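I have placed the structure first, in the form of structure tokens, so that the comments after it can refer back to it.
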Amino acid sequence: MKHVGGGNIREYSGGYKTKVCCFPGAGINKLADHTDVELKYAKPEVAILHVGGNDLADHKEPGDIADNIAYLGLQMKDRGVKRIAISGMTPRKNLMKEIPLLNEALQSMCKTYGFDYINNSNIKFGYRGWDGQPKSHLSVDRIHLNYSGVELLEDNYIYYLRDLKIVDEN
């Protein structure tokens, strides 16, 4: 996801060594290709995958997208990644009905394969701010996150990693 800062995540999650890779316009197939290259040079303990929105925009079925992400996650585990987390899709214009269906499929898939699911439902297409004015976590294009949306996404990742660290220490 564009503008997500690995430094912020590292600093506030308790020091996880962090690398953020963003591939604009990528679907699951392109991400799988990039993952193959990344895993040649690094063996992360945890991988957070935020993928599927572009596939959904290309009219692929939510169940098929979830299956493809599961396959990628299993391949990553086979190559040494200990924990896989799937980041829920954030809202987008023209996909208001489809995004919740994809997120349901992703949650179900995570339960089936033992992956973690990061719920991003606090990121909103439109809401009223404290001042009563309409606001959104999306940029003007209504597809990508604005800076407040990116901050929420980073926070969701940080909270996930913090909780994970507590579990790992026990």
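For the stretch 11-78, the dipole from Cβ point charges (+1 on Lys and Arg, -1 on Asp and Glu) about the Cα centre works out to 320 debye, to the nearest 20.
Between Asn146 and Leu138, Ser139, the built amide H atoms are under 5 Å apart, and every one of these is 5 or more places off in sequence or on another chain.
Here the relative contact order of the stretch 6-165, from alpha carbon pairs under 8 Å that lie six or more residues apart, stands at 22 percent.
Summing Cβ point charges (Lys, Arg +1; Asp, Glu -1) relative to the Cα centre of the stretch 6-165 gives a dipole of roughly 320 debye.
Separation of the alpha carbons by more than 30 angstrom is noted, of Lys17/Lys135; Lys82/Lys135; Lys111/Lys135; Lys19/Lys97; Lys43/Lys93; Lys30/Lys93, for Lys17/Lys135; Lys82/Lys135; Lys111/Lys135; Lys19/Lys97; Lys43/Lys93. Across the stretch 75-92, computed HN-Hα scalar couplings (Karplus, 6.51 cos²θ - 1.76 cosθ + 1.60, θ = phi - 60°) run 4, 5, 5, 4, 9, x, 6, 7, 10, 10, 10, 9, 8, x, 5, 9, x, 8 Hz from first to last residue, x flagging Gly and Pro. Normalised by 2.2 N^0.38 Å, with N the number of residues, the alpha-carbon radius of gyration of the stretch 31-105 equals 1.15. Distances between placed amide hydrogens fall under 5 Å for Ser87 paired with Leu49, His50, Val51, Ile118, all partners being 5 or more residues away or on another chain.
Among Leu56, Ala32, Met76, which residue has its Cα positioned farthest towards the positive end of the charge dipole of the stretch 26-86, with +1 placed on the Cβ of Lys and Arg, -1 on the Cβ of Asp and Glu, and the dipole taken about the Cα centre? Result: Met76, furthest along the dipole toward the positive end.
Every read-out reported here was derived from the displayed coordinates using simple, explicitly stated rules and does not represent laboratory data. Values in this document were obtained by computation on a predicted structure and should not be read as measured data. Cβ sites come from the backbone with ideal geometry, for glycine too, and all protein chains shown count toward neighbours.
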